[in-house]
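Data first, discussion second: the structure below is written as structure tokens.
Bear in mind that the values in this text are calculations on the coordinates, not laboratory data. As the structure is a prediction and not an experimental result, all values here were calculated from the model.
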């Protein structure tokens with residue numbers, strides 16, 4: 001696309017559209033929170049963990065073997081994901097299992113993956 005194709009040369013401001021969008025935009029705080037949410041997902045290791053947990057609940061040891069990482073490194077990333085409310089955990093005796101926190105996380109991951117597959121394919 002040529003540089004000139006990316007600019008708007010019109011002199012008319014569509015004030016009805018501008019006002020409608022302005023009234024319906026999320027607040028600045030919500031946008032910052034959303035940006036932080038995507039920043040957490042923007043880390044490759046965390047995305048791999050989310051991908052694995054999208055398939056099955058897993059413990060730290062299983063994730064460490066699967067992703068060829070140390071348990072300490074996996075635990076650190078799980079803390080970040082848990083703080084962002086993307087994963088939850090449950091104890092079964094001495095073992096702690098991790099899973100996606102809710103269907104929203106699954107849907108966001110699935111849609112993102114669908115978009116990537118579609119864009120590449």
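Counting each pair of different Cα atoms once, what's the Kirkwood radius of the stretch 17-58 in Å, rounded to one decimal? Present the calculation step by step, with values, prior to reporting the outcome.
Numbers: mean 1/r = 0.0797 Å⁻¹.
Final number for the Kirkwood radius of the stretch 17-58 is 12.5 Å.
Among (1) 129; (2) 168; (3) 91, which one is volume of the Cα convex hull per residue in Å³ computed from these coordinates?
(2)
Measure nothing but the geometry: give the 0 to 90° angle between the long axis through the Cα atoms of 44-55 and the longest principal axis through the Cα atoms of the chain, rounded to 10°.
70
Taking the chain as the reference, fit the longest principal axis to its C-alpha atoms, fit the long axis of helix 71-83 to the helix C-alpha atoms, and give the angle between the two in degrees, 0 to 90, nearest 10.
50
By how many degrees, 0 to 90 and rounded to 10, does the Cα axis of helix 15-24 deviate from the longest principal axis of the chain?
That helix lies at roughly 20 degrees to the long axis.
From Cα pairs below 8 angstrom and at least 6 apart in sequence, can you work out the relative contact order of the chain, rounded to a whole percent?
Numbers: 73 pairs, mean separation 24.3, N = 121.
Reported relative contact order: 20 percent.
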